[in-house]
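Just below is one structure, and these are the notes that go with it.
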Amino acid sequence: MAAPAQTGAGQISDRGAGTRPCAPIRSTCPYCGVGCGVRLDRDDTGALTVTGDPDHPANRGKLCSKGSALAETAGLQNRLLAPRVDGHDTDWDTALQTVAHRFERTIAEHGPDSVAFYASGQMLTEDYYLANKFMKGFVGTANIDTNSRLCMASTVAGHKRAFGTDTVPGTYEDLDEADLVVIVGSNLAWCHPILHQRVLAAKARRGTRTVVIDPRRTATCDGADLHLPLRIGSDVALFNGLLAAIYEGGALDAGYLAQVDGFDASLMSAMASDLGPTGLDPDLAASFFRLWIRTERVVTIFSQGVNQSSSGTDKVNAILNCHIATGRIGKPGMGPFSVTGQPNAMGGREVGGLSNTLACHLDIENPAHRTAVRDFWEAPRIPDAPGLKAVDMFRAVADGRIKALWIMHTNPAVTLPEADAVRDAIAACPFTVVSDITARTDTARLADVLLPASAWAEKDGTVTNSDRTISRQRSALPAPGDARPDWWHIAQVARKMGFATAFDYTEPAEIFREHAALSGIAGALGRDFDISELSDLTNRAYDEMTPTRWPIAAKRGGRFFADGRSFHDSGRMCMIPVRWRAPAARQAPRFPFRLNTGRVRDHWHTMTRTGLTPRLSAHLAEPFVEIHPDDATALQIAPDTLVELTAPKGHAVLRATITDAVQPGTLFAPMHWTAETAPTGRIDAVVAGATDPVSGQPESKASVCAARAFAAAWYGFAVSSRPMTPTSAYWAMAPSGAGWRAELAGRAASQDWEAEARALFDLPTAQAQVLTDPARGIARLAFREGGKLVAALFVSPQPVGVMRDYLAGLPDEDVLSGRAPLGRPDPGPTLCSCFGVGVNTILSAIESDGLMTVEAVGAALSAGTNCGSCRSEIATLLTSARVNEAAQ
Ligand SMILES: Nc1nc2c(c(=O)[nH]1)N[C@H]1C(S)=C(S)[C@@H](COP(=O)(O)OP(=O)(O)OC[C@H]3O[C@@H](n4cnc5c(=O)[nH]c(N)nc54)[C@H](O)[C@@H]3O)O[C@H]1N2
Ligand SMILES: Nc1nc2c(c(=O)[nH]1)N[C@H]1C(S)=C(S)[C@@H](COP(=O)(O)OP(=O)(O)OC[C@H]3O[C@@H](n4cnc5c(=O)[nH]c(N)nc54)[C@H](O)[C@@H]3O)O[C@H]1N2
Ligand code: SF4
Ligand SMILES: [Mo]
């Protein structure tokens with residue numbers, strides 16, 4: 001089978017002048033922090049192809065399912081093409097003047113702390129640097145925070161406590177050279193797929209052992225040597241147990257410890273700790289400890305299961321303590337390794353985008369650092385105390401302390417905890433500016449001023465990935481309409497506010513040079529982040545820059561901490577005594593469930609890009625909640641029905657996925673759905689706003705809620721060649737190859753399904769074929785225009801049992817039966833999105849051809865042979881097929 005097309009349609013014809021075929025351009029994937037290199041090719045029709053860059057050190061040519069589908073998301077669908085003020089398109093000058101004027105007036109009347117900027121780990125370093133310079137240096141407030149507060153803040157705080165700076169010691173090569181890789185609170189297989197494949201390749205090549213520590217059984221557990229399903233929030237107890245075992249097992253590194261502060265207190269705390277809170281079988285924990293103790297080369301990967309917790313910073317230090325105590329840090333094949341989520345989460349840390357950091361890993365509370373930055377920027381002022389952290393920032397918006405707000409490259413009305421309150425706060429804010437590539441987001445819909453941003457393939461800059469490698473993003477397409485890069489939005493507003501000299505940039509290279517020069521000052525002040533070698537890059541050298549990891553090898557051997565020296569004033573490493581605390585929200589009879597949240601394989605956050613492609617939407621097409629079979633039975637929740645979650649501050653309705661992958665009493669729901677795609681699927685409406693006391697990071701994985709069956713009087717499945725306008729109590733809509741598909745449900749059945757359907761599809765006159773059985777509550781309707789099927793609706797009192805993937809293709813056949821003509825099999829939900837292979841197809845091939853391995857499935861069906869992101873799910877199907885066979 002040929003490789004799937006990776007060509008995006010329709011980008012060029014509407015982009016006007018400047019479009020021409022070009023030599024392959026090297027750039028970086030705009031999704032996760034792995035930071036894979038991509039090659040962008042444009043043919044003479046202007047169509048874009050995106051392939052992996054074989055020369056990039058992060059991925060050596062590979063891409064995961066999201067990266068492989070990039071070209072399909074580079075079109076103009078949903079793009080915001082002109083600035084808008086109060087809902088009306090306008091010119092840039094008017095929009096910029098409006099923003100500058102309102103910001104100036106608010107500052108004049110209420111002081112600089114009455115304005116705020118909410119930025120994003122997806123902004124390029126140049127954009128981010130400028131946002132920080134603008135707010136901290138020129139507006140004069142530290143009220144700039146970023147969605148990295150929801151993502152990396154606990155790691156930043158943990159690193160600073162241990163190392164004196166926010167330094168990630170790991171490199172990707174460590175994963176190739178480790179003998180043990182421990183994966184804590186990270187679904188690496190779905191969220192950092194190319195790194196996961198790297199770990200699996202090392203396993204196949206040299207027998208690397210892997211351990212997964214996650215309360216859920218995830219795709220990452222497949223093939224792991226051990227899975228420790230600890231209780232949510234109990235990691236500190238587990239790693240304290242490990243530290244005690246390290247001590248008892250004689251695995252301390254006395255030489256390294258000679259340069260460490262805090263060992264005795266940390267050990268005492270660890271010895272006083274017990275494994276009770278983890279709920280783990282002591283033998284299982286003991287085998288993990290033994291493996292860790294006897295394996296010198298151990299890398300501990302961690303991400304949101306660690307960070308997004310009210311004890312997130314302590315979890316980070318509990319992990320770091322074990323590596324420091326054994327001296328297993330900063331040497332080949334060993335070290336703690338926080339993997340970053342967003343493509344430029346690391347760059348955001350370098351520019352100091354958080355409200356409690358300055359720039360280049362300098363500290364806002366350090367007078368010498370402040371003076372150095374102020375002098376460098378020639379800034380009129382610089383705040384001497386941290387500003388508001390994300391959750392508090394939006395509380396300040398709600399209570400009126402913040403009166404003007406600029407949101408760039410993030411969608412807080414969906415992704416912050418207590419999202420309904422956040423949405424209402426933004427709506428009530430006297431002045432909100434949103435810079436986005438589309439107006440169709442929950443946040444953009446609330447903006448007073450909308451500024452159109454150039455998208456990923458249209459702009460230039462740099463990003464830094466999880467292992468500190470700085471890579472270029474390069475433009476391959478002209479920006480459509482009036483879209484402009486984010487740095488330009490900021491520079492223009494700053495200029496109009498009277499800061500013309502300080503924001504007199506014409507291109508990103510100038511900003512990058514300035515950032516690199518400032519890092520030299522930070523380096524001279526003893527900081528880790530010093531890329532001043534790059535401060536005199538010519539424009540051409542910047543254009544041609546190849547991936548560069550800091551510390552730049554020549555200077556410090558490319559590594560940190562192997563020598564036991566830290567960036568604390570004392571130069572000593574710090575172990576931090578930590579004690580387990582329960583998650584902030586307590587389970588109670590009214591809210592008996594603990595709610596865990598996270599990601600799915602093929603979607604990126606609020607889906608403004610991945611949601612455009614049918615291929616990526618076919619893997620999981622609607623919001624769902626994983627619930628344990630015992631709980632489902634107790635609550636009389638049947639498979640595929642809907643579940644209603646209620647929490648003190650919000651509620652959600654989601655499809656039930658009954659599975660023992662989650663523990664009894666816990667639920668898992670993904671974070672991706674929005675008012676645009678499934679209004680009751682906004683899971684952050686249910687998530688409480690508790691935060692970590694040190695980092696301010698929200699506890700996105702341990703809220704409490706109640707669950708019950710949603711009382712649906714009817715369920716519906718609809719397909720249409722055009723977007724639909726559902727109004728039912730529950731709906732979720734996704735693109736399909738031929739148009740759109742939607743799942744629907746309501747509390748009361750309609751008396752007139754034809755009228756309902758005509759309104760849903762906006763087909764007042766199309767020819768209808770209707771089959772209803774009011775007694776059984778069944779209705780099936782098909783609509784044709786010019787004889788061609790354009791829409792269909794299937795209604796039933798139970799979850800609708802039709803062949804969804806067949807119907808989604810809007811076949812020109814009699815579809816009222818809901819099934820393909822006899823003999824044509826139903827492929828089922830897509831598992832391999834590259835080759836469009838469904839679950840049923842794979843299962844029947846396993847059964848009929850006796851396939852035993854992922855490779856055999858690949859050889860028979862191609863599934864899993866391109867990006868490989870679905871390989872662990874194929875392995876799970878193979879296992880379950882074997883289990884079924886054994887049971888028969
Ligand atoms: N497909 C996809 N990939 C992505 C993203 C995306 O949206 N989609 N987003 C990117 C971003 S910004 C980020 S931050 C990363 C996030 O990457 P991950 O951190 O891997 O993703 P999550 O699914 O948020 O959470 C990881 C796991 O933490 C577990 N967990 C929950 N509570 C606990 C706990 O108390 N202890 C432990 N040990 N584990 C726990 C959850 O069960 C979950 O499996 O992914 C990046 N990559
Ligand atoms: N319950 C729960 N909540 C979570 C999490 C969780 O695990 N559970 N994870 C948290 C984490 S780790 C993260 S990182 C956040 C992510 O949450 P967000 O950052 O809020 O989500 P995104 O969908 O990535 O939002 C990015 C926005 O930028 C827009 N955009 C795309 N390209 C550009 C561009 O070039 N310029 C501009 N200006 N805009 C652009 C997109 O259209 C979109 O609206 O969510 C957090 N929220
Ligand atoms: S792993 Fe996938 S999403 Fe992450 S950077 Fe690579 S291709 Fe992009
Ligand atoms: Mo993130």
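The values are calculated or read from the model by the stated rules, or taken from the named source; none is laboratory data. Since this is a predicted model, take the numbers as computed values, not measurements. Please note: Cβ atoms are built from the backbone with ideal geometry, for glycine as well, and neighbour counts cover all protein chains shown.
Observations on the model:
- Single residue of the range 659-672 satisfying the filter (surrounded by fewer than 21 Cβ atoms within 10 Å (Cβ to Cβ) and not polar (S, T, N, Q)) that is nearest to ligand 3 (Cβ to nearest atom): PRO670
- Restricted to the range 146-246, the set of strands (runs of 3 or more DSSP E) holding at least 2 residues that are at pLDDT 95 or above and crowded, with 24+ Cβ neighbours inside 10 Å comprises 180-184, 209-213.
- Test result for THR313, closer than 26 Å to VAL687 by Cβ, among the polar types (S, T, N, Q) and in a helix (DSSP H, G or I): yes
- Among the residues of the range 604-652, the ones that are crowded, with 20+ Cβ neighbours inside 10 Å, among the aliphatic types (A, V, I, L, M) and away from ligand 2 (no atom under 16 Å from the Cβ) come to 7 in all.
- Candidates in the range 316-336 are the residues that are in a strand (DSSP E or B), more than 23 Å from the chain's Cα centre (by Cα) and buried (at least 24 other Cβ atoms within 10 Å of the Cβ); of these, the one that is farthest from ligand 3 (Cβ to nearest atom) is MET334.
- Wholly within the range 719-782, strands (runs of 3 or more DSSP E) carrying at least 2 residues that are over 23 Å from THR680 (Cβ atoms): 767-773
- Scanning the range 423-439 for residues that are farther than 19 Å from THR146 by Cβ, over 23 Å from the mean Cα position of the chain (by Cα) and either in a strand (DSSP E or B) or within 16 Å of ligand 1 (Cβ to nearest atom) (or both) gives a single hit, PHE431.
- ASP536 being in contact (Cβ under 8 Å) with a residue 40 or more places away in the chain and of a type in the set (Asp, Glu): no
- Failed condition for GLN308, given (1) free of Cβ contacts under 8 Å to residues at least 12 places away in the same chain; (2) touching a Leu at 6+ places or on another chain (Cβ under 8 Å): (1)
- Within the range 396-412, the set of residues being without any contact (Cβ under 8 Å) to a residue 60 or more places away in the chain and closer than 24 Å to THR597 by Cβ comprises just one member, ALA398.
- From ILE301, ILE324, residue being touching a strand residue (DSSP E or B) at 6+ places or on another chain (Cβ under 7 Å) and within 14 Å of ligand 1 (Cβ to nearest atom): ILE301
- Total residues in the range 673-685 satisfying the condition of being surrounded by fewer than 24 Cβ atoms within 10 Å (Cβ to Cβ) and out of contact with any helix residue (DSSP H, G or I) (no Cβ under 9 Å at 6 or more places or on another chain): the figure is 2.
- Restricting THR171, THR155, THR141 to those that are away from ligand 1 (no atom under 16 Å from the Cβ), of a type in the set (Ser, Thr, Tyr), touching a residue at least 12 places away in the same chain (Cβ under 8 Å) and over 17 Å from ALA359 (Cβ atoms) reduces the list to THR171.
- Remark: pairs (first residue in the range 82-97, in contact (Cβ under 8 Å) with a residue 40 or more places away in the chain; second residue outside any helix (DSSP H, G or I) and of a type in the set (S, T, N, Q); Cβ separation under 6 Å; 6+ apart in sequence or on different chains) = PRO83/THR90.
- Residue in the range 354-370 that is more than 27 Å from THR501 (Cα to Cα), in a helix (DSSP H, G or I) and without any contact (Cβ under 8 Å) to a residue 40 or more places away in the chain present: no
- Residue check for ARG294: charged (D, E, K, R), out of contact with any strand residue (DSSP E or B) (no Cβ under 7 Å at 6 or more places or on another chain) and either over 19 Å from SER273 (Cα atoms) or more than 9 Å from ligand 1 (Cβ to nearest atom) (or both): yes
- Test: residue in the range 864-873 that is modelled with pLDDT of 90 or more, under 34 Å from the mean Cα position of the chain (by Cα) and surrounded by fewer than 18 Cβ atoms within 10 Å (Cβ to Cβ): no
- Total residues in the range 848-863, condition crowded, with 16+ Cβ neighbours inside 10 Å, free of Cβ contacts under 8 Å to residues at least 24 places away in the same chain and of a type in the set (Ser, Thr, Tyr): 0
- Exactly one residue out of ALA709, ALA688, ALA713 is in contact with a Lys or Arg (Cβ under 8 Å, 6 or more places away or on another chain) and surrounded by fewer than 23 Cβ atoms within 10 Å (Cβ to Cβ): that is ALA713.
- Per-region count, the range 485-501, residues surrounded by fewer than 20 Cβ atoms within 10 Å (Cβ to Cβ) and closer than 16 Å to ASP127 by Cα: 1
- Unique residue being surrounded by fewer than 23 Cβ atoms within 10 Å (Cβ to Cβ) and either away from ligand 3 (no atom under 16 Å from the Cβ) or of a type in the set (Phe, Trp, Tyr) (or both) when the list is PRO412, PRO386: PRO386
- The residues listed here are ASP442, ASP420; of these, the one that is in a helix (DSSP H, G or I), under 16 Å from ASP684 (Cβ atoms) and not hydroxyl-bearing (Ser, Thr, Tyr) is ASP420.
- Tabulated pairs, the range 770-795, first of a type in the set (S, T, N, Q), second surrounded by 15 or more Cβ atoms within 10 Å (Cβ to Cβ), C-beta under 9 angstrom, 6+ apart or interchain: THR772/TRP753; THR772/GLU754; THR772/ILE778; THR772/ALA779; THR772/ARG780; THR772/LEU781; THR772/VAL795
Residues are listed down the side, and each one gets a yes or a no for (1) touching a residue at least 60 places away in the same chain (Cβ under 8 Å); (2) within 16 Å of ligand 1 (Cβ to nearest atom):
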| residue | (1), (2) |
| --- | --- |
| GLY35 | yes, yes |
| ASP44 | no, no |
| THR51 | no, no |
| HIS56 | yes, no |
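- Qualifying residue in the range 44-54 (condition: modelled with pLDDT of 80 or more, among the acidic types (Asp, Glu) and in contact with a Gly (Cβ under 7 Å, 6 or more places away or on another chain)): yes
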